[in-house]
Amino acid sequence: QVQLVESGGGLVQAGGSLRLSCAASGRTLRSLNMGWFRQAPGKEREFVAADSWSWTGLSTYYGDSVKGRFTISRDNAENTVYLQMNTLKPEDTAVYYCAAVQYLSGNSYDRAQVYTYWGQGTQVTVSA
């Protein structure tokens, strides 16, 4: 069983930065594909970033709305995944969820339904 615990959310002004953390337990990150999703009120869950294994190693992917501003990374020693969020915009306001799956086929990293483990979410609010 994998447990994911997010932290680092909060209130920040537009243009500011936050770093979200996702601490994983139960499995090493080397056996997990990780993703970040977010969901704002009245909207569907949106893909933010993923860090997935392939034959050549780790690959990172980003949703179009955050590309160039957000960075996903791992600290294997801490078994923690991070989401560095820069140049935040009010439209980034959402509950952010960390997700994990052991086996990921094809290019399905951006589909919430393929992830089997989820954190409880952390609120990010960006004020104008």
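With the convex hull of the Cα atoms taken as the outline of the stretch 76-128, the averaged projected area works out to 5.0 nm². Rounded to the nearest 20, the size of the Cβ-charge dipole of the chain about its Cα centre is 60 debye, with Lys and Arg at +1 and Asp and Glu at -1. A Stokes-Einstein calculation at 20 °C with viscosity 1.002 mPa s, built on the Kirkwood radius of the stretch 1-93 over Cα pairs, returns a diffusion coefficient of 153 µm²/s.
Accessible area per residue for the chain in Å², computed with a 1.4 Å probe and the full protein assembly in place, what is it?
On the way: 6880 Å² over 128 residues.
Per residue, the chain has an accessible area of 54 Å².
The values are calculated or read from the model by the stated rules, or taken from the named source; none is laboratory data. The shown structure was predicted, so the numbers you read here are calculated from the model rather than taken from an experiment. A quick note on method: Cβ atoms are made from the backbone with ideal geometry, for glycine too, and the neighbour counts reach across all protein chains shown. Note: accessible area is taken over every heavy atom of the protein model, side chains too, but ligands, DNA and RNA are not part of it. Shrake-Rupley method; radii C 1.70, N 1.55, O 1.52, S 1.80 Å.
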